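Values quoted throughout were computed directly from the atomic coordinates according to the rules given, and no laboratory measurement underlies them. Here the structure is a predicted model, which means the values were calculated and not measured. Heads up, the Cβs are rebuilt from the backbone with ideal geometry, glycines too, and the neighbour counts pull from every protein chain shown.
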2 protein chains.
Amino acid sequence: MAAAAEEPLFLRACRGEPVERTPLWVMRQAGRYLPEYREVREKTTFLGLCKTPELAAEVTFQPIRRYNLDAAIIFSDILVPVEAMGVQLDFNPAPVLATKVRTEADVDRLIVPDPVKSMGYVMESIRIFRSGMPKTPLIGFAGAPFTLMAYLVEGGGSKSYSQAKQFCYEHPKVARKLLEKLSETISAHLIAQVEAGCQAVQIFDSWAGHLSKDDYLTFGLTPTLRIIEALKKKNVPIIVFAKGAHAALPELSQSGADVLGVDWTTPLDLARQLTGDRVVLQGNLDPSVLLGPIENIQTQVQRILNEAQGGKGHVFNLGHGILPETKPEHMGALVEAVKRLGVRRVPA
Amino acid sequence: MAAAAEEPLFLRACRGEPVERTPLWVMRQAGRYLPEYREVREKTTFLGLCKTPELAAEVTFQPIRRYNLDAAIIFSDILVPVEAMGVQLDFNPAPVLATKVRTEADVDRLIVPDPVKSMGYVMESIRIFRSGMPKTPLIGFAGAPFTLMAYLVEGGGSKSYSQAKQFCYEHPKVARKLLEKLSETISAHLIAQVEAGCQAVQIFDSWAGHLSKDDYLTFGLTPTLRIIEALKKKNVPIIVFAKGAHAALPELSQSGADVLGVDWTTPLDLARQLTGDRVVLQGNLDPSVLLGPIENIQTQVQRILNEAQGGKGHVFNLGHGILPETKPEHMGALVEAVKRLGVRRVPA
């Protein structure tokens with residue numbers, strides 16, 4: 001293993017080591033705002049893109065080539081494991097699941113898949129990326145159990161996820177069984193991604209913010225802890241992004257995660273208070289800011305860097321995925337601002 | 001004026017006086033979950049219901065008759081003043097505005113209406129309610145400037161309100177001008193409601209949670225402060241519900257509002273920390289809980305009462321509007337639980 005000093009900036013920052021500059025990557029950086037992405041995307045369906053390793057690796061390369069970001073995230077979708085569990089999946093463009101999970105029998109029918117056999121294309125995309133861009137650290141990812149359960153129960157996206165919550169309240173034992181099956185599936189999927197070459201992982205709990213703190217601890221964090229536990233032996237930084245779960249930041253900071261993603265509604269100085277500086281924070285520019293003028297992008301980047309200062313560490317990111325209508329030059333202005341303003345004033 | 005001890009429970013609680021029981025009302029308590037509401041609603045359109053005082057008062061009476069709640073809120077819609085400002089409005093059932101505000105000329109075209117002349121039907125509904133149910137305190141309400149601006153810019157609802165935010169970033173001066181016009185309109189509308197008989201007011205900043213704290217302070221709280229200032233002379237309790245604006249609770253607690261609404265993602269004990277017990281808190285059961293079993297409703301009511309204990313005061317409510325699919329018996333179970341469990345154990 002190389003000495004820590006030779007590790008890429010992003011990985012050192014995730015480990016809480018002092019760094020010369022705040023690293024950055026952007027959620028959904030391989031996405032529709034890039035003309036080169038849309039060109040590849042035209043050749044196939046969304047799921048087809050996920051399942052064609054050469055194309056998935058190609059769109060993963062694109063934002064690195066254009067912006068020289070500090071990390072890449074393998075192109076895939078959080079619902080890919082749901083399909084591998086036996087639920088037919090479509091994107092129109094919103095995800096549509098062919099069946100809804102509502103009973104214990106529905107849960108029992110779900111498979112805990114072998115990720116290499118059923119999602120080998122993800123591992124192959126990872127290998128292509130790693131051999132093509134060996135210097136850029138690659139993040140593997142998965143949806144968190146509650147978020148995947150929410151899709152399984154609702155049969156797609158939802159405004160309030162009230163049916164998913166109703167399912168938890170009415171059938172807590174069945175919900176726990178489903179969450180355990182999801183934890184197992186997700187753990188195996190993330191471990192396989194690390195074994196294929198990913199140097200960090202992120203767990204996306206996109207719908208955590210629909211739950212009260214109490215319900216999040218029960219149905220969100222508890223099954224996520226199992227995944228963190230399973231991943232620990234792989235010794236890669238673990239990023240948990242529980243969007244909207246600000247009230248659970250104290251508990252999340254003791255979950256074993258190295259880095260916590262924070263959305264833009266919780267300033268990083270408040271997040272630091274709530275996490276007691278036990279973890280590195282990742283975030284948290286409002287993606288809508290990239291739609292506005294470059295001067296305001298720069299002002300908000302500076303504010304966020306200030307709010308993060310003095311904590312255990314900071315990885316710059318948006319507070320959610322980049323919006324498809326973002327101009328590529330505005331993403332460029334963000335990268336320029338973070339690279340210029342994020343330089344440590346005091347030597348590490 | 002009657003002595004404080006003779007005032008209704010809800011008003012005394014809003015003023016931070018010690019009370020014998022936690023009062024409760026429910027956002028959207030006059031709504032589609034009630035069969036008697038649906039019956040009235042069938043006779044007319046949604047806007048027609050808002051504009052027919054006898055019917056608006058009738059649906060305001062309904063939840064009080066059925067559940068004997070501690071306060072009523074006059075049936076209307078936050079977009080009614082937007083129509084009075086000159087923007088044609090429709091509900092299909094989501095709100096659709098005939099024009100979008102995008103330029104300074106668009107802002108200049110908007111009228112600051114005389115509420116009594118243009119929205120006299122609201123004042124008439126209030127008078128009918130007050131004479132029909134003089135013992136139940138009546139809340140008047142309005143949307144907050146940012147929330148109304150969001151509708152005006154987007155031309156309706158939105159998932160991310162990114163166009164409204166883009167408008168603020170690109171044209172901050174025009175945005176400020178629009179927000180000022182809205183503050184003026186809303187202040188006059190709320191004052192007219194108080195003069196017609198409302199004994200408390202609530203300002204709904206439904207989309208506050210889409211903004212970073214920094215942007216909320218600029219585009220959300222600042223124009224709301226003007227309304228609070230204008231209302232102070234009326235000496236009625238002012239409730240501000242800035243949904244999702246947990247990070248701004250410290251500033252909100254010094255805004256002059258008597259009561260702050262809190263959504264269910266911020267536990268009331270955390271809200272108490274953030275507000276330094278300067279204000280009464282209102283909330284905060286997840287509306288989805290009412291879809292689940294009664295036992296869980298009772299457990300969560302008890303948790304919320306515990307979290308609120310020891311603060312300046314508490315008004316029980318949901319953390320957002322009641323869901324249309326809620327069973328009336330489950331709403332009944334909520335009322336029963338709060339009235340039973342919310343009795344002060346130590347004499348006031």
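Let me know the charge dipole size of the protein assembly as shown about its Cα centre in debye, to the nearest 20, where only the beta-carbon of Lys, Arg (+1) and Asp, Glu (-1) is charged.
Around 500 debye, computed over the protein assembly as shown.
In segment A:3-109, what GluC sites (Glu not before Pro) fall in a loop by DSSP, with at most 16 other Cβ atoms inside 10 Å?
Taking segment A:3-109 and a limit of 16 other Cβ atoms within 10 Å, the loop GluC sites (Glu not before Pro) found are A:E20, A:E42.
Just how far, in whole angstrom, is segment A:253-287 from segment A:183-243 if you go by their alpha carbon centroids?
So the separation of the two Cα centres works out to 16 Å.
Going 7 Å from Cα along the Cα-Cβ axis for the label, what nanometre distances separate A:V343 from the same residue across the other copies?
Nearest to farthest, the other copies are at 7.0 nm.
Please list, in chain and number order, the residues 5+ apart from B:Q282 or on another chain whose amide H is under 5 Å from its amide H, with Hs placed from the backbone.
B:L260, B:G261, B:V262, B:V315
Once the dipole of segment B:204-348 is set up with Lys and Arg at +1 and Asp and Glu at -1 on Cβ about the Cα centre, which of B:Q302, B:G342, B:Q273 lies farthest towards its positive end?
Checking the options against the dipole of segment B:204-348, the answer is B:G342.
Only sites in a loop by DSSP and with at most 12 other Cβ atoms within 10 Å count here; which trypsin sites (Lys or Arg not before Pro) in segment A:1-83 make the cut?
Here the sparse-neighbourhood loop sites are A:K43.
Calculate the dipole size of segment B:4-341 relative to its Cα centre from +1 charges on Lys and Arg beta carbons and -1 charges on Asp and Glu beta carbons; express the result in debye to the nearest 20. The partial results should precede the final answer.
Values: 37 positive and 38 negative charges, 40 e Å.
Here the size comes out at about 200 debye.
Provide, for q = 0.11, 0.12 Å⁻¹, the log10 of I(q)/I(0) from a solvent-free Debye sum over equal Cα point scatterers in chain A.
For chain A, the Cα-only Debye profile gives -0.69, -0.83.
Starting from the Cα of A:E325, step 7 Å toward the Cβ, then list every residue of segment A:32-55 with an amide N under 16 Å from that point.
Residues passing the 16 Å test: A:32-34.
Please give the FRET efficiency for A:E104 paired with B:R109, using the beta carbon to beta carbon distance and R0 = 45 Å, rounded to the nearest 0.05.
Working: r = 59 Å, r/R0 = 1.31.
With a Förster radius of 45 Å, E is 0.15.
Per residue of A:243-250, count partner chain C-beta atoms within 10 Å of its C-beta, then hand back the mean as an integer.
Averaged over the peptide's residues, the number is 3.
What net charge do the residues around B:G319 carry, taking every other residue with its C-beta under 11 Å from that of B:G319, with Lys and Arg at +1 and Asp and Glu at -1?
Summing Lys/Arg as +1 and Asp/Glu as -1 gives -1.
If you average the sequence gap of Cα pairs under 8 Å that are 6 or more apart and divide by the length of segment A:4-341, what percent do you get for the contact order? Before the final figure, lay out the partial values.
On the way: 625 pairs, mean separation 68.1, N = 338.
Dividing the mean separation by the residue count of segment A:4-341 yields 20 percent.
For chain B, modelled as a Gaussian network with Cα springs under 10 Å, which listed residue fluctuates most, B:T99, B:T136, B:T299?
Per the Cα network of chain B with a 10 Å cutoff, B:T299 tops the list.
Take the alpha carbon atoms of segment A:11-81, find their center, do the same for segment B:64-85, and report the distance between the two centers in whole angstrom.
48 Å
For the protein assembly as shown, build the charge dipole from Cβ charges (+1 Lys, Arg; -1 Asp, Glu) around the Cα centre, then report which of A:P137, B:V236, A:G197 sits farthest towards its positive end.
The one lying farthest along the dipole's positive direction is B:V236.
In nm, to one decimal, how far is the modelled label at B:S131 from the one at B:D277, with both set 7 Å along Cα→Cβ?
Computed distance between label sites B:S131 and B:D277 equals 4.6 nm.
May I ask you to report, in nm to one decimal and beginning with the shortest, the distances from A:K233 to the same position in the other copies, taking label points 7 Å along Cα-to-Cβ?
7.4
Please figure out what share of the DSSP beta bridges in the protein assembly as shown is antiparallel and state it in percent, rounded to the nearest 5.
Around 15 percent of the beta bridges assigned by DSSP in the protein assembly as shown are antiparallel ones.
Taking every DSSP beta bridge with both residues inside segment A:4-341, roughly what % is antiparallel (nearest 5)?
That works out to approximately 15 percent antiparallel.
Which of the trypsin sites (Lys or Arg not before Pro) across segment B:277-347 are loop residues per DSSP, with 13 or fewer other Cβ within 10 Å?
Sites meeting the loop and neighbour criteria: B:R344, B:R345.
Using the structure shown, list the pairs from A:K243/B:K243; A:K177/A:K233; A:K243/B:K213 with a Cα-Cα distance above 18 Å, or answer none.
Working: A:K243/B:K243 16 Å; A:K177/A:K233 24 Å; A:K243/B:K213 16 Å.
Those over the limit are A:K177/A:K233.
Which chain A residue hugs the A-B rotation axis most tightly by its Cβ, and what is that distance in angstrom, to the nearest whole number?
Closest Cβ to the A-to-B rotation axis, residue and whole-Å distance: A:H246, 3.
For a Förster distance of 41 Å, can you work out the FRET efficiency between the beta-carbons of B:E17 and A:K159, rounded to the nearest 0.05?
Rounded to the nearest 0.05, the efficiency is 0.60.
For peptide A:49-62, what's the mean number of Cβ atoms from other chains within 10 Å of each residue's Cβ?
Across the residues of A:49-62, the mean count of other-chain Cβ atoms within 10 Å is 0.
If one takes the longest principal axis of the Cα atoms in chain B, at what angle in degrees, from 0 to 90 and to the nearest 10, does the Cα axis of helix B:53-67 lie?
30 degrees
Is there a quick way to get the dipole size of segment A:234-284? I mean about its Cα centre, with the Cβ of Lys and Arg at +1 and of Asp and Glu at -1; what is the value in debye to the nearest 20? Intermediate values should be presented prior to the final figure.
Values: 4 positive and 5 negative charges, 24 e Å.
Rounded to the nearest 20 debye, it is 120 debye.
Taking a point 7 Å out from Cα toward Cβ as the label site, list the nm distances between B:F46 and the same residue in every other copy, smallest first.
2.7
Above 50 angstrom, tally the Cα pairs of the protein assembly as shown and express them as a % of all pairs, no decimals.
Tail of the P(r) past 50 Å holds 14 percent of the pairs.
May I ask you to list the aspartates and glutamates whose Cα is less than 18 Å away from that of B:K165, ignoring any residue fewer than eight positions away on the same chain?
A:D263, A:D286, A:E295, A:E325, B:E104, B:D106, B:E154, B:E180, B:D205, B:D214, B:D215
Once you put a point 7 Å from the Cα of A:E229 and another 7 Å from the Cα of A:N68, both along the Cβ direction, what distance in nm separates them?
4.4 nm
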